[in-house]
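Reviewing the structure listed below.
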Amino acid sequence: MAAKRRFQTVKGMRDLLLDEARRFAMVEQIARDAFRLYGFEELRTPLVEDTDLFVRGVGEGSEIVGKQMYTFDDKKGRSLTLRPEGTAPVARAYLQHDMASWPQPVKVFYMGPYFRYERPQAGRYRQFHQIGAEVIGDPGPYSDAELLAMLLRFLSKLLFDDLEVGLNSVGDPECRQRYCQRLREYLEPRRGELGADSQRRLETNPLRILDTKVPEERKLLEGAPRLRDSLGRAAREHFAVVCEQLERLGIAYRVDDRLVRGLDYYTRTVFEISSARLGAQNAILGGGRYDGLIGELGGPAVPGIGFAIGQDRLVELLSGGLTLVVPPVCVIPVGSHCREDALQLAEELRDAEVMAVAELASPRALKAALRKADRGGYDWIVLVGEDERAAGTAVLKSLYSGLQEAIPREGFAAAVKARMEPHE
Ligand code: AMP
């Protein structure tokens, strides 16, 4: 008979185990607390959206829409897509629930899995996780600074001290058009020095050439005109106020002329935060203003700004090894008829908020049970056998001192808790 196939996670996707799952949950909790401090509400959108939402919202020229979407037809032939990013769904929800009629700006945060068909590598997955926030209905620039302050407050709670904040302005669409023209004029005569990707982008989206990773192209760009010099007055003033407010708030940043971000919808303020400890894929988060997005999706001209943190990379920065958390107490039935006592006792301990496990799989002889408990890393074990049952007691044994005592079943959990306290 052929061996049964063993299944694995799909390429680019992974299980989160033990400490990693715990760190994910911890980061989420800290994010919720930090964002609520600023008056943000959580918004949970579906994993699947109408494909056109991303085509229109993220932009046809973007890598995401061009190459990376998990798109499929449902049984009625509707084209659906696993969400590759969080801002377009939030903008969709803003319009769908008429949030323009709520007090403005609407401030929301979100977290969960996102999907992009990218080449998997360290720090890059096909199912990854983002924690994001959006402020919709405030043109800035003060709210831009406040959003960055919130981000850094959150990150400081995770005790990061080696983060670099990169800041730039991509201006309004007119400034960008003007700039793209200048950039083309600079690059066209040097076309031969560009790789195939950048040559293609020269036609489709020259701005994206600025964030190339190819060293020769980076060198070539050193002499290129700067996007900032093409900004119109309003965009320039906006950027100046953002910088000034960040300085007043004591937030260190670096103006990065090459920072343009990959998505088409950004306007004016854009930013990225990276850590040198992450290697090639070093951006932990990215964000920016998207004053045209809601209008692009058929809504009124409402401005917005937001960010998305790569939770996988954030957690990687926190990582140590993988360990099992061992509850302090293990309840062991001795002999064959005491499993129900063990089940009962463990429940009573949990009623008293004592973290406990019970050995319910098979009743053991005392010696074997003790040997197993010793190896398990517990602080305490509770033994219930026929004798204890008859006497209405259970035995509590400290694996530190080896001391043990019989405790009455009546009030057992409270008595255990009282004895545990000195250890904590
Ligand atoms: P973006 O939505 O492309 O602006 O990405 C925001 C952040 O999400 C990035 O800075 C990364 O930290 C993270 N991210 C984006 N794509 C992936 C991916 N495929 N795998 C892991 N993290 C990702």
### Query
Going by the conditions given, is D229 surrounded by fewer than 17 Cβ atoms within 10 Å (Cβ to Cβ) and more than 26 Å from E174 (Cβ to Cβ)?
no
### Task
For Q245, indicate whether it is within 14 Å of the ligand (Cβ to nearest atom), surrounded by 13 or more Cβ atoms within 10 Å (Cβ to Cβ) and either among the polar types (S, T, N, Q) or assigned to a helix (DSSP H, G or I) (or both).
no
### Task
Output the residues belonging to region 238-268 that are more than 23 Å from the chain's Cα centre (by Cα) and either outside the structural domain of S62 (by TED's automatic domain parsing) or closer than 19 Å to L207 by Cβ (or both).
H238, F239, V255, D256, D257, R258, T267, R268
### Task
Evaluate the following for R261: is it among the basic types (K, R) and either away from the ligand (no atom under 16 Å from the Cβ) or surrounded by fewer than 16 Cβ atoms within 10 Å (Cβ to Cβ) (or both)?
no
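Condition first: assigned to a helix (DSSP H, G or I) and more than 14 Å from the ligand (Cβ to nearest atom). Now tell me which residues in region 55-65 satisfy that.
Going residue by residue through region 55-65, those that are assigned to a helix (DSSP H, G or I) are 55-58, 63-65.
V55, R56 - these are the residues of region 55-65 that are assigned to a helix (DSSP H, G or I) and more than 14 Å from the ligand (Cβ to nearest atom).
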### Message
Tell me whether region 249-257 contains one or more residues that are at pLDDT below 90 and out of contact with any Gly (no Cβ under 9 Å at 6 or more places or on another chain).
### Response
yes
### Message
Can you list residue pairs whose Cβ atoms sit under 6 Å apart, with the first residue in region 306-317 being under 9 Å from L278 (Cβ atoms) and the second being within 6 Å of the ligand (Cβ to nearest atom) and modelled with pLDDT of 90 or more? Count only pairs 6 or more apart in sequence or on different chains.
### Response
R313/I284
### Query
Identify, please: which residue in region 378-404 is in contact with a Phe, Trp or Tyr (Cβ under 7 Å, 6 or more places away or on another chain) and part of a loop (DSSP other than H, G, I, E, B) and is, among those, nearest to A356 (Cα to Cα)?
D379
### Task
Could you grab me the full set of residues in region 40-61 that are over 22 Å from the mean Cα position of the chain (by Cα) and not hydrophobic (A, V, I, L, M, F, W, C)?
D50, T51, D52, R56, G59, E60, G61
### Message
So in region 299-312, with the set limited to residues that are farther than 19 Å from R32 by Cβ and either within 16 Å of the ligand (Cβ to nearest atom) or among the polar types (S, T, N, Q) (or both), which one is farthest from the chain's Cα centre (by Cα)?
### Response
G304
### Query
Does T9 fit the bill of being at pLDDT 95 or above, of a type in the set (S, T, Y), within 25 Å of the chain's Cα centre (by Cα) and outside the structural domain of R124 (by TED's automatic domain parsing)?
yes
## Note on the structure
Matching residues in region 27-54 (closer than 18 Å to G112 by Cβ and part of a helix (DSSP H, G or I)) number 12
### Message
Please count how many residues of region 57-72 are farther than 16 Å from E118 by Cα and at pLDDT 95 or above.
### Response
1
#### Entry: Condition check for E296: more than 10 Å from the ligand (Cβ to nearest atom) and of a type in the set (D, E)
yes
#### Entry: A276 being under 21 Å from the mean Cα position of the chain (by Cα), in the same structural domain as V106 (by TED's automatic domain parsing), more than 14 Å from the ligand (Cβ to nearest atom) and over 19 Å from V242 (Cβ atoms)
yes
### Summary
Scanning region 66-81 residue by residue, those closer than 30 Å to R201 by Cβ and free of Cβ contacts under 8 Å to residues at least 24 places away in the same chain turn out to be G66, T71, F72
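The values are calculated or read from the model by the stated rules, or taken from the named source; none is laboratory data. This structure is a prediction, so every number in the text was calculated from the model and none was measured. Here the Cβ is made from the backbone with ideal geometry for all residues, glycine too, and neighbour counts use every protein chain on show.
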